[in-house]
Structure formats: C-alpha cells, structure tokens
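Peer 1: Sending over a structure as structure tokens; questions will come in a sec.
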Amino acid sequence: MEITKYMETHDYEQLVVCQDRESGLKAFICIHDTTLGPALGGTRMWTYDSEDDAIEDAMRLARGMTYKNAATGLNLGGGKTVVMGDPRKDKNEAMFRALGRFIQGLNGRYITAEDVGTTVDDMDLIHEETNYVTGISPEFGSSGNPSPVTAYGVYKGMKASAKAAFGDDSLDGKTVAVQGVGTVAFTLCEHLHEEGANLIVTDINEEAVERAVKAFGAKAVSTDEIYSVDCDIFAPCALGAVINDDTLPSLKAKVIAGSANNQLKADEHGEALYNKGIVYAPDYVINAGGVINVADELIGYNSDRALRRVEGIYDNLMKVYQISDRDHIGSYKAANRLAEERIQALKNARSTFLKNGKDILSMR
C-alpha cells in the first residue's frame, strides 16, 4: 500500500505506528477527519495476516467513524486503533498501558473505546495512562454496558423507518422479523413486544431463540427462512452483508432496520433496495446509540441526557429519508450525503482539531 498517496486521496489526517517491544504491542492509530472535533473510535484487537491488512482495516474503520459521528450529529471526528494479536492469548497489562501512553501523546486529537477483541478491563488499563478513553468501568464515570442504549436507538430508528414506509410510526400490529437475538436484539424485542409488534426470530443459538419465544411469544424460524417470511420489517441484528444477491429476491419486508453493521454486501444492493421501494435504515445511523452514549461520558455522563440524544436517531433517519427523496438517491447514499454536508458546512468554520485548553475533555 502506498500509504501517503492513499491518505491524500481519501483525506486522511494522520496514521500513528505504535510499537513497544517489552509488551509486544504492535498497533496503528488512524485519524481520518477532525473537522467536527476530536476523533472518537474504538480499539480493535485482531489476528491480522500482515501489517498492510491491519493498516487497511484501521483506515477503513476510521473513515466509517467520521461518517457515523457526523451523521449522528456529534461534534466528533473519526478515528480507530487496531492492535495486532490474538485477543484470547496475547493481551497483557503493559500492552494496553503502552497504548494509553501513545494515545496520551496525541494530546486529545483521538479518543478511544472498546471494539472487537477489547473489553472494559482493557479500557481501564488504558485509562491508567490517559483520560482520552471512554467505555471504562462505571466507578470511573462510565456509562457501563452500552447494549440497552444501542437497542433503544434501533427501536427509535425503526419507528422513523416505519413512518417513512407506512405514513405512521406505530409498530403496534406490525410483524418484525429479527435475525439474531443476542444482547442488543433481545432488548430491542422487549421494546417491540411492549408496543404490540408481532415477532419472528432466528439465531444460530437455539437457547437464544427459545428465550425470545418464551418471553415474547415470538415465532421461531430457521436461519435461512428468515429472509422470506411474511413481515413488515426485517431487522438484521447479527451478521453483516446479509443484503446480497441471494437474499434480495426473497425479501418481502417494506422496511429493513436493524442493529447489525455493514448490512449491505455492496453499494449496488442499497441501490436495489431503493429501486424496489424498500425503506433501508443505514446501519451506521440507526445503530449509533452506543457511540452517542459513550460520547456523553466526555462531558460527565448523565443517563437521561444520553437517552434524549439517542432519541435523536429518529430525527436523523428522517433527515436521511428526506435527502433520499430530495435527491432521488438510495438512503445508503443519502446517509453519506448527510454526513458530508455537515462536515463541509463546518469545514471553513473550524480548523483541524488540536487541544487548545477548550477541548471536550477540559469541559468536565
């Protein structure tokens, strides 16, 4: 990879190589854009095949966080850290404390959090060296488990999507097919059940399915059958790339709205949904409850305030659908446009973020 050329082409600001021989730390911190504020994005630990693969993932994820934070209305830019190694056996205290010192050295340009392969305990170790970390233990002022808040945001986003598709945001009597009933999806099902929705569920974990059937009177179907069931709303809450050439012809839902990341296998599948008249809630807009929640920690966590901000996912999605109608484009493109328009509007009003005594952490 020609890194500097790629960064210039895609408007990346910074790539930091982090190496600590004693602890075994090999990591890359990528900052994509700080127009809106310091870059916020989690730390992922994974068994990458090569340094190029790790860098590519860090850059892809950092850019995704720029769009997610911008579309969500946060005054935060996008960044990401990837750590090379097996999270099941390569972790140690010194590694994450070393990473914390690298993050501290960025002087507030980047703030981290949990991601795939990292935990609250890992964030607590980073916190030993820097305040530029969220998702730490509640005793340090964190929000704790983000899953209920993420689920609440998906629920609100689903209501906005129902309004766009059916003219009414009520989910009472609507049939929702939920793919995957893990922690976030189970809480989502609670909200849907309380409003009177009919649930169809599937999961590779039979115990999770049985739990949802018992708690909500849900109908259980096989993992393959979930795409073709008669339903009003399809909620992907497990794997990515589930909207693809194989599944598109089977879909009967008028709305796709769920918590899973990267639901479209490719942009062309978002275009196909638009052409079929299916309302699609772009994943990084509807599942933003978690990042909204941890962002609130930066000004002193208040659960009521955080939940009010998460409720704004409803309005954010309505803006996406309005742009889609205005510009005659699919909602996946409209979400990108919403983010890009917000960044561009502030481009000339704010300089590249650098700590100046009035950064977001000094407001505590």
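The values are calculated or read from the model by the stated rules, or taken from the named source; none is laboratory data. If you're wondering where the values come from, they're calculated on a predicted model, not measured in any experiment. With ideal geometry, Cβ positions are generated from the backbone for all residues, glycine too; neighbour counts draw on all protein chains shown.
Peer 1: Looking at VAL116, VAL181, which one is touching a helix residue (DSSP H, G or I) at 6+ places or on another chain (Cβ under 7 Å), under 30 Å from THR223 (Cβ atoms) and hydrophobic (A, V, I, L, M, F, W, C)?
Peer 2: VAL181
Peer 1: Any residue at all in the range 218-232 that is assigned to a strand (DSSP E or B) and either closer than 25 Å to SER324 by Cβ or touching a residue at least 24 places away in the same chain (Cβ under 8 Å) (or both)?
Peer 2: no
Peer 1: Right, something else. Here is a list of conditions, (1) at pLDDT 95 or above; (2) of a type in the set (Ser, Thr, Tyr); (3) surrounded by fewer than 24 Cβ atoms within 10 Å (Cβ to Cβ), and TYR6 meets all of them except one; can you say which number that is?
Peer 2: (1)
Peer 1: If a residue must be assigned to a loop (DSSP other than H, G, I, E, B), of a type outside the set (Lys, Arg) and in contact with a helix residue (DSSP H, G or I) (Cβ under 8 Å, 6 or more places away or on another chain), how many such residues does the range 249-277 contain?
Peer 2: 8
Peer 1: If I filter the range 133-144 for residues that are under 22 Å from LEU15 (Cα atoms) and either β-branched (Val, Ile, Thr) or outside the structural domain of THR187 (by TED's automatic domain parsing) (or both), do I get at least one hit?
Peer 2: Checking the range 133-144: at least one residue is under 22 Å from LEU15 (Cα atoms) and either β-branched (Val, Ile, Thr) or outside the structural domain of THR187 (by TED's automatic domain parsing) (or both).
Peer 1: Okay, moving on. Within the range 17-30, take every residue that is of a type in the set (A, V, I, L, M) and in contact with a Leu (Cβ under 8 Å, 6 or more places away or on another chain) and give me the one that is nearest to LEU346 (Cα to Cα).
Peer 2: Result: ILE29.
Peer 1: Which condition number in (1) of a type in the set (Asp, Glu); (2) out of contact with any strand residue (DSSP E or B) (no Cβ under 9 Å at 6 or more places or on another chain); (3) closer than 21 Å to ASP169 by Cβ is the one that GLU207 fails?
Peer 2: Only one criterion is unmet by GLU207, namely (3).
Peer 1: Are there helices (runs of 4 or more DSSP H) fully within the range 78-170 with at least 1 residues that are modelled with pLDDT under 95? List them.
Peer 2: 120-127, 147-166
Quick grid of which residues meet (1) on the phi < 0 side of the Ramachandran plot; (2) assigned by TED's automatic domain parsing to the domain that holds LYS156; (3) surrounded by fewer than 24 Cβ atoms within 10 Å (Cβ to Cβ); (4) touching a residue at least 12 places away in the same chain (Cβ under 8 Å):
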{"residue": "GLU206", "(1), (2), (3), (4)": "yes, yes, yes, no"}
{"residue": "LYS214", "(1), (2), (3), (4)": "yes, yes, yes, no"}
{"residue": "PHE234", "(1), (2), (3), (4)": "yes, yes, no, yes"}
{"residue": "ALA241", "(1), (2), (3), (4)": "no, yes, yes, yes"}
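Peer 1: Test each condition in (1) of a type in the set (Asp, Glu); (2) in contact with a Ser or Thr (Cβ under 8 Å, 6 or more places away or on another chain); (3) closer than 27 Å to GLU268 by Cβ for ASP224 and report the one that comes out false.
Peer 2: Checking ASP224 against (1) of a type in the set (Asp, Glu); (2) in contact with a Ser or Thr (Cβ under 8 Å, 6 or more places away or on another chain); (3) closer than 27 Å to GLU268 by Cβ, the one that fails is (2).
Peer 1: Of all residues being closer than 22 Å to VAL116 by Cβ and buried (at least 19 other Cβ atoms within 10 Å of the Cβ) in the range 245-275, which is modelled with the highest pLDDT? Just the residue, please.
Peer 2: Looking at the filtered set, the residue picked out is GLY258.
Peer 1: Continuing with the same structure: Hey, can you tell me all the residues within the range 14-47 that are part of a loop (DSSP other than H, G, I, E, B) and within 21 Å of the chain's Cα centre (by Cα)?
Peer 2: Correct list: THR34, THR35, LEU36, GLY37, PRO38, GLY41, GLY42.
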